[in-house]
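Colleague: Once you've had a glance at the structure underneath, I'll fire off some questions.
The values are calculated or read from the model by the stated rules, or taken from the named source; none is laboratory data. Quick caveat: nothing in here was measured; it's all calculated off a predicted structure. Glycine also receives a Cβ, built like all others from the backbone with ideal geometry; neighbour counts cover every protein chain displayed. Each accessible area value is taken on the protein alone, full model and side chains, heavy atoms only, with ligands, DNA and RNA left out. Shrake-Rupley method; radii C 1.70, N 1.55, O 1.52, S 1.80 Å.
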Amino acid sequence: MIALTFVTHDGNRVETLARAGTTVMEAARTANVPGILAECGGACACSTCHVYVDPNWLPKLDDADEMEADLLDFVWQPDAARSRLACQITLTDALAGLIVEVPANQG
Amino acid sequence: MKPIVIVGAGQAGSALAAKLRALGSEAPIRLVGAEPVPPYQRPPLSKKYLLGEVERERLYLRPESFYEDAGIELVTDTRVKALDANTLAVAFEDGASIACSAIALCTGAEPIRLPEAVGGTLGGVFTMRSLSDADALVPAFRAGARVLIVGGGYIGLEAAAVAASRGLEVTLVEMAPRILARVACAETAAWFKALHESHGVEIREGVGLRALVGDGTVRSAILSDGTELPVDLVVVGIGVRPETALAEAAGLAIENGIRVDAFGRTSEPGIFAAGDCASFPWNGGRIRLESVPNAIEQAEAVAATIMGVGAAYVARPWFWSDQYDVKLQIAGLNSGHDAVIVRPGDKPGSVSHWYFAGPRLLAVDAMNDPRAYMTAKRMIEAGQSPMPSAVANPAVPLKSLPTADALLTEQP
Ligand SMILES: Cc1cc2nc3c(=O)[nH]c(=O)nc-3n(C[C@H](O)[C@H](O)[C@H](O)COP(=O)(O)OP(=O)(O)OC[C@H]3O[C@@H](n4cnc5c(N)ncnc54)[C@H](O)[C@@H]3O)c2cc1C
Ligand code: FES
């Protein structure tokens, strides 16, 4: 199991464990993290699983593909360096301890 | 304390239960579903799950422990047999019944099946609604098998795409003059027809199915133009009917689904409905949507109503479909459009179709063009409309499309 932490926009921390091979979005849904809607269930179609990745973890992530990058360009308050779609981050042992922030709005 | 009983443990039912807890409900919550599995997502059934790319557990919306931890009593494999609107009670098939503080109907929709008289009950004939439907279909999707898909809506087209990708020989028949006739413009239909043909799928428009023949198992299909087509299996994707039987028997008002108001209230006090089974007010009329976002958001609106913090539900319709390596994203509802503007995308193969009614933007179909989809969705939700001439000109960047105030410029 891989430990990860969600920091919600009001500063609450949700710490949880998830199976390697599943996504950060799935971990959020399981832990009922507020603010991650994930309407398309991970199809990279909705952008409502937007998160900001803690800068320390950015070097460990693969780059976003074109579809994800295009969606991110239009999310509420994008951060070119740290914005990702949680459903496109697959958890591996290298990401143990990952911290992501949840935006106030997925609008 | 009497429980809140949610009938139907699908996308809407599970969202409703979770939202009740998120809003602080301390009532006992019972989520009752006829299927033998916890609530799951259906969209992958005709996409990645059928392709064999996701395991079954990952379809579950939440692990079973979630319901336990949240104090939601999940009762699977159990059908609610009747409702009593006067006493606010639900009855089960084994004769038991419970008195409720509120009842939420999230019963979804049932696929329309081919009648037995035309061979609809032969072996090798499948529908696409439930996990068990998909599990039955997966082993029949063998390379080289000849499959007939009946119905050119999104589910039929997705099944065709998976079949072709897995090396089946695919024919799709659509009775209407073109595929996607009910849901998309001729431009979008033609685009998808060409896509499928480039993958070797034969699409026959304006051709219906007369009968399936076989002894026990389907062997051939007789089409409305008289041809007899040898087939090994048939996938029927001719639409769904809202599941309203319980509501109807209990005397609730039905109008293309269970009739609810903007707060999700049915015609009977204490009984609510959400998702594919419910029709709700929209633009002075009434609509029923069959989509995940609507199921979630309407269910959450009902939870808020039950908790006394309800606000009128305003649908923000959107939809997606995956076929081959194409992602279609749709924002808005196109009904009532009188013009379609085609806008080439920034990348090869990407394009978007913008539906207008007069000057007002109603909807967009974006094929591999998430930027167009996101732009249009924001505009539609904000009640803004871009100038059609600017939309048609790909040199005008999406982020600087000039807008016209739709309401001020609308024709009387
Ligand atoms: C193959 C397929 C692909 C799809 N693709 C997409 C897509 O790409 N995008 C999209 O937005 N939408 C898609 N949809 C539609 C989407 O899945 C539905 O809109 C959504 O599931 C509706 O949720 P619901 O809760 O209203 O109904 P459902 O999810 O159907 O749940 C209703 C549940 O109620 C149960 N039930 C009914 N009657 C009773 C009773 N009397 N007692 C107990 N239980 C009962 C049923 O067994 C069922 O489990 C797809 C659907 C299918 C079938
Ligand atoms: S869940 Fe929809 S894009 Fe991530």
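Colleague: As a test of reading the structure, rank B:68, A:101 by solvent-accessible area (1.4 Å probe, protein chains only), most first.
Modeller: Ranked from most to least accessible, the order is B:68, A:101.
Colleague: State whether the stretch B:358-408 is rounded, prolate or oblate according to the following rule on the C-alpha gyration tensor (a ≥ b ≥ c being the square roots of its eigenvalues): a/c under 1.5 gives rounded; otherwise a/b larger than b/c gives prolate, and the remaining case gives oblate.
Modeller: oblate
Colleague: Rounded to the nearest 500, what is chain B's calculated 222 nm mean residue ellipticity when only DSSP H runs of at least 4 contribute -39500 (n - 2.57) each, over all residues?
Modeller: -6500 deg cm²/dmol
Colleague: Another question, then. Using the alpha-carbon centroid of each, what span in Å lies between the stretch B:60-122 and the stretch A:1-52?
Modeller: Centre-to-centre (Cα) distance: 29 Å.
Colleague: For the protein assembly as shown, what is the accessible area per residue in Å², given a 1.4 Å probe and the full set of protein chains?
Modeller: Accessible surface, normalised per residue, equals 42 Å².
Colleague: What percent antiparallel are the DSSP beta bridges of chain B, to the nearest 5?
Modeller: 60 percent
Colleague: What is the distance, in nm, between label points placed 7 Å from the Cα along the Cα-to-Cβ direction at residue B:2 and at residue B:96?
Modeller: Once both label points are built, they end up 1.8 nm from each other.
Colleague: Moving on. Would you calculate, for chain A, the mean residue ellipticity at 222 nm contributed by helices, counting each DSSP H stretch of 4 or more residues as -39,500 (n - 2.57) and dividing by all residues, to the nearest 500?
Modeller: Value at 222 nm, helices only: -3500 deg cm²/dmol.
Colleague: Would any residue of the stretch B:32-55 have its amide N under 16 Å from a label point 7 Å out along Cα→Cβ of residue B:64? List them or say none.
Modeller: B:32-40
Colleague: What is the magnitude of the charge dipole of the stretch A:2-101 about its Cα centre, with +1 placed on the Cβ of each Lys and Arg, -1 on the Cβ of each Asp and Glu, and no other charges, expressed in debye to the nearest 20?
Modeller: 380 debye
Colleague: What does the buried accessible surface come to for B and A, summed over both chains, with the probe at 1.4 Å? Round to 100 Å².
Modeller: So the buried area, both faces added, is about 2300 Å².
Colleague: Once the Cβ-Cβ distance between residue B:338 and residue B:261 is put in as r, and R0 is 41 Å, what FRET efficiency do you end up with, to the nearest 0.05?
Modeller: For R0 = 41 Å, the calculated efficiency reads 0.85.
Colleague: Taking just the alpha carbons, could you work out the radius of gyration and Dmax for chain B, both in angstroms?
Modeller: 22.5, 67
Colleague: Suppose R0 equals 30 Å; then what is the FRET efficiency for residue B:287 and residue B:403 from their Cβ-Cβ distance, rounded to the nearest 0.05?
Modeller: Efficiency computed from Cβ-Cβ geometry: 0.70.
Colleague: State the Cα centre-to-centre distance between the stretch A:58-107 and the stretch B:168-187 in whole Å.
Modeller: 37 Å
Colleague: Give me the three principal axis extents of the stretch B:325-400 from the C-alpha atoms, as integers in angstrom, largest value leading.
Modeller: Between the extreme Cα coordinates on each principal axis of the stretch B:325-400 lie 31, 24, 21 Å.
Colleague: Let me ask another. For the protein assembly as shown, which whole percent of the accessible surface, found with a 1.4 angstrom probe, sits on carbon and sulfur atoms?
Modeller: 51 percent
Colleague: Largest first and in whole Å, what are the equivalent-ellipsoid semi-axes of the stretch B:162-205 based on the Cα gyration tensor, each being the root of 5 times an eigenvalue?
Modeller: Whole-Å semi-axes of the equivalent ellipsoid: 19, 11, 8.
Colleague: In the stretch B:94-175, what trypsin sites (Lys or Arg not before Pro) fall in a loop by DSSP, with at most 15 other Cβ atoms inside 10 Å?
Modeller: Taking the stretch B:94-175 and a limit of 15 other Cβ atoms within 10 Å, the loop trypsin sites (Lys or Arg not before Pro) found are B:113, B:142.
Colleague: Can I ask one more? Quote to one decimal, in nm, the extra length available between residue B:182 and residue B:325 on full extension: 0.36 nm per residue of separation minus the C-alpha distance between them.
Modeller: Once the chain is fully extended between residue B:182 and residue B:325, it gains 49.1 nm.
Colleague: Right, here's the next one. Between residue B:113 and residue B:87, what is the spin-label point distance in nm, taking each point 7 Å from the Cα along the Cα→C-beta axis?
Modeller: Going by the 7 Å Cα→Cβ label model, 3.2 nm.
Colleague: Something else now. Assign one of three labels to the protein assembly as shown, namely rounded, prolate or oblate, based on the Cα gyration tensor with a ≥ b ≥ c the square roots of its eigenvalues; rounded applies when a/c is under 1.5, prolate when it is not and a/b is larger than b/c, and oblate otherwise.
Modeller: It comes out rounded by the Cα gyration axes.
Colleague: At what distance in angstrom do the alpha carbon centres of the stretch B:214-263 and the stretch B:300-315 lie from each other?
Modeller: 31 Å
Colleague: I've got another one for you. For residue A:48, tell me the accessible area in Å² from a 1.4 Å probe, rounded to the nearest 10.
Modeller: 20 Å²
Colleague: Something else: Taking the Cβ-Cβ separation of residue A:10 and residue B:73 as r and a Förster radius of 30 Å, what is the calculated FRET efficiency to the nearest 0.05?
Modeller: 0.50
Colleague: Answer rounded, prolate or oblate for the stretch A:2-101, using the Cα gyration tensor with square roots of eigenvalues a ≥ b ≥ c: rounded when a/c is under 1.5, else prolate when a/b is larger than b/c, else oblate.
Modeller: Note, shape of the stretch A:2-101 comes out rounded.
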